[in-house]
Amino acid sequence: MSNTYRIGVIPGDGTGPEVIAEGLKVLKAASELKGFSYELVSYDLGGERYLKTGETLPDSVLEELRDMDVIYLGAIGHPKVKPGILEQEILLKLRFSLDQYINLRPVKLYPGVETPIKNKGPEEIDFVVVRENTEGLYVGGGGFLKKGTPDEIAIQESINTRKGVERCIDFAFKFCQRRNKDKKLTLCGKTNVLTYAFDLWERTFNQLAGQYPEIKTDYAHVDATCMWMVKNPEWFDVIVTDNMFGDIITDLGAMIQGGMGIAAGGNINPEGTSMFEPIGGSAPKYTGKNVVNPMAAISACQMMLDYLEEEDAANLIETAVMDVIAKEMKSLSAGKMGHGTNEIGDLVLKYMSARENK
Ligand code: IPM
Ligand code: MN
């Protein structure tokens with residue numbers, strides 16, 4: 001990576017621009033304190049542009065984004081646009097076209113954050129989900145037959161390639177090794193029913209396990225995974241799973257780590273352009289009210305810097321986020337934080353300088 005990072009910024013819809021603004025304040029402070037430089041190129045992709053021009057993600061923009069070191073995304077989704085259009089033509093098109101084959105979603109409960117799970121705290125809730133991000137049910141395989149008639153048939157196919165599954169599982173093993181926590185990787189699947197797709201996943205998982213003898217391996221069906229995430233979240237260190245199951249279990253993960261206000265993720269192509277985002281969506285009802293929690297966007301910025309190997313900057317942001325949560329916030333929920341969106345960003349800056357000047 002170059003020393004001046006080129007960052008494509010897509011603030012997007014709803015509260016996206018508000019939370020990205022806070023993330024960018026934190027990025028600027030981190031660069032000043034830790035001495036790296038960057039250049040921002042902003043793109044107005046999203047619902048407003050679509051409603052005005054009919055454009056979602058023009059090819060020229062996609063090609064520009066491909067040349068960025070990383071992309072920082074707010075949220076995509078607009079109440080006046082039929083669900084599916086923006087998601088498919090912007091978010092999923094970016095993930096697929098840039099071959100961001102990993103969706104990395106840490107589930108980490110910070111001290112002082114309320115979790116709906118009784119008797120579990122930060123010691124117990126700290127794992128990472130590695131979600132496959134370019135295949136499975138998301139590919140759009142299938143179609144209708146006799147649509148609109150009483151004999152209608154709808155088929156939605158899950159596409160799983162050996163290469164796609166293997167690169168995802170291999171990333172998960174390597175990630176688990178680097179994370180160096182319990183050194184345990186759990187495959188989450190449904191081998192008892194999805195006997196083709198997850199047979200491929202399981203065989204690939206078992207084969208790769210041989211190359212990582214220091215990593216303990218485990219398997220759980222997706223329904224049981226949901227149960228254990230609530231009952232015994234401490235059993236998990238790293239979970240690897242397919243696109244659809246990963247989508248579902250990471251919303252559950254977000255809830256046990258304190259909600260959408262704190263949950264961040266990275267869409268990663270280790271050899272290409274990766275994209276970091278808060279996972280909560282555009283929250284239209286909170287738009288423009290300065291009430292939404294920007295911590296997820298700030299954590300996405302932290303993940304982005306970690307990915308760029310600016311570990312010191314990333315660690316500084318994470319400790320400041322933890323300080324603000326533990327010492328300053330009444331709640332992580334929109335409207336209940338005890339501060340406005342912009343004040344949370346300012347508080348993170350304050351604790352970053354305080355930590356740095358110690
Ligand atoms: C997510 C979102 C997306 C997904 C939607 C908006 C298409 O829910 O990032 O998890 O399903 O991947
Ligand atoms: Mn989702």
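The values are calculated or read from the model by the stated rules, or taken from the named source; none is laboratory data. Computed from a predicted structure; not experimentally measured. Counting neighbours? That spans all protein chains shown, and the Cβs are built from the backbone with ideal geometry, glycine included. Keep in mind that these areas ignore ligands, DNA and RNA; they rest on the heavy atoms of the full protein, side chains included. Shrake-Rupley method; radii C 1.70, N 1.55, O 1.52, S 1.80 Å.
Give the residue, chosen from V324, V348, V291, that is buried (at least 24 other Cβ atoms within 10 Å of the Cβ), touching a residue at least 40 places away in the same chain (Cβ under 8 Å) and more than 16 Å from ligand 1 (Cβ to nearest atom).
On the way: V324 fails: touching a residue at least 40 places away in the same chain (Cβ under 8 Å); V291 fails: buried (at least 24 other Cβ atoms within 10 Å of the Cβ).
Just one listed residue meets the conditions, V348.
Exactly one residue out of K118, K93 is open to solvent by 20 Å² or more (accessible area, probe 1.4 Å) and either out of contact with any helix residue (DSSP H, G or I) (no Cβ under 9 Å at 6 or more places or on another chain) or among the aromatic types (F, W, Y) (or both), and it is K118.
Applying the condition of being open to solvent by less than 60 Å² (accessible area, probe 1.4 Å) and not acidic (D, E) to the stretch 277-286 and asking which residue is farthest from ligand 1 (Cβ to nearest atom) yields A283.
Look at (1) within 11 Å of ligand 1 (Cβ to nearest atom); (2) crowded, with 22+ Cβ neighbours inside 10 Å and you find that G84 fails only one, number (2).
Residues in the stretch 244-269 that are out of contact with any helix residue (DSSP H, G or I) (no Cβ under 7 Å at 6 or more places or on another chain), more than 24 Å from M329 (Cβ to Cβ) and surrounded by fewer than 24 Cβ atoms within 10 Å (Cβ to Cβ): M244, D247, I248, N269.
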